[in-house]
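A quick write-up on the structure given underneath.
The values are calculated or read from the model by the stated rules, or taken from the named source; none is laboratory data. All of these numbers come straight from a predicted model, not from anything done at the bench. Neighbour counts are summed over all protein chains in view; Cβ atoms, including those assigned to glycine, are modelled from backbone coordinates with ideal geometry. Protein only, heavy atoms only, side chains kept; ligands, DNA and RNA dropped before computing areas. Shrake-Rupley method; radii C 1.70, N 1.55, O 1.52, S 1.80 Å.
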Amino acid sequence: MNYTPNDPPRTLTAAEIETILPHRYPFALVDKILDYTPGQWARGIKCVSRDEAFFQGHFPQHPVMPGVLILEALAQTGAVAALSLPENRGKLALFGGIKNARFRRQVLPGDVLTLECELTEQHGPVGIGKATAWVDGERAVNAELMFVITDA
């Protein structure tokens, strides 16, 4: 990522994230924002619990967080950066596409997923974010996420 952390960091609790994103259980996939700059980038975490509903079927004897949900968590992190701009408050950030997604390690119950998304391009309501998810300093997923900002 090519961003400069804030000093002090701008953090958001789960309750504060709910004022920016419309996602609710079971699709609220970012537990905390560790730092962000509106319109530029965000870094958050997802604490992966063995009680997650998706582990009931993915897979019962060997629980693995589905890759599509890791991508969704990354997209929600980027959406915090995009939707925290005053002109985007109350809007939605929708997927426009996913490019070059690479899954490099499994994400398991008990892992803390660090989520980073840097908004690299925006042309009107359409933008691109470079996103990476980490577990214990090891890259788990990286992808380019395309998004569209739209009225709710």
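Regarding the stretch 43-62, can at least one residue be identified that is touching a residue at least 40 places away in the same chain (Cβ under 8 Å) and within 20 Å of Ala152 (Cα to Cα)? No, that holds for no residue.
Yes or no, residue by residue, for (1) open to solvent by less than 70 Å² (accessible area, probe 1.4 Å); (2) of a type in the set (A, V, I, L, M); (3) in contact (Cβ under 8 Å) with a residue 40 or more places away in the chain:
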{"position": "Asn6", "(1), (2), (3)": "yes, no, no"}
{"position": "Ala14", "(1), (2), (3)": "yes, yes, no"}
{"position": "Ile33", "(1), (2), (3)": "yes, yes, yes"}
{"position": "Thr37", "(1), (2), (3)": "yes, no, yes"}
{"position": "Trp41", "(1), (2), (3)": "yes, no, yes"}
{"position": "Gly67", "(1), (2), (3)": "yes, no, yes"}
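Cβ separations smaller than 6 Å between residues 6+ apart or across chains give the following pairs from the stretch 92-109 residues that are touching a residue at least 40 places away in the same chain (Cβ under 8 Å) to residues that are aliphatic (A, V, I, L, M) and exposed (fewer than 13 other Cβ atoms within 10 Å of the Cβ): Leu92/Ala152.
Here is a yes/no grid of residues against (1) of a type in the set (A, V, I, L, M); (2) modelled with pLDDT under 95:
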| residue | (1), (2) |
| --- | --- |
| Ala15 | yes, no |
| Glu18 | no, no |
| Pro26 | no, yes |
| Asp35 | no, no |
| Trp41 | no, no |
| Ile45 | yes, no |
| Val48 | yes, no |
| His58 | no, yes |
| Gln61 | no, yes |
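The residue pairs whose first member lies in the stretch 120-133 and is free of Cβ contacts under 8 Å to residues at least 12 places away in the same chain and on the phi > 0 side of the Ramachandran plot, whose second member is assigned to a strand (DSSP E or B) and of a type outside the set (Gly, Ala, Ser), and whose beta carbons are closer than 9 Å, counting only pairs six or more residues apart or on different chains, are Gly124/Ile149. Scanning the stretch 7-48 for residues that are part of a strand (DSSP E or B), under 17 Å from Leu119 (Cα atoms) and touching a helix residue (DSSP H, G or I) at 6+ places or on another chain (Cβ under 6 Å) returns Ile33, Tyr36, Trp41, Ala42, Gly44.
Take the conditions over 17 Å from Ile17 (Cα atoms), among the small types (Gly, Ala, Ser), touching a Gly at 6+ places or on another chain (Cβ under 9 Å) and not in a helix (DSSP H, G or I) and apply them to Ala93. Does it pass? No: the conditions fail for Ala93. Looking only at residues in the stretch 81-96 that are in contact with a helix residue (DSSP H, G or I) (Cβ under 8 Å, 6 or more places away or on another chain) and of a type in the set (D, E, K, R), the one that is most open to solvent (accessible area, probe 1.4 Å) is Arg89.
Looking only at the stretch 97-143, residues that are assigned to a strand (DSSP E or B) and open to solvent by less than 50 Å² (accessible area, probe 1.4 Å) come to 20 in all.
Quick one: would you say Thr77 is polar (S, T, N, Q) and open to solvent by 20 Å² or more (accessible area, probe 1.4 Å)? For Thr77, the condition - polar (S, T, N, Q) and open to solvent by 20 Å² or more (accessible area, probe 1.4 Å) - is not met.
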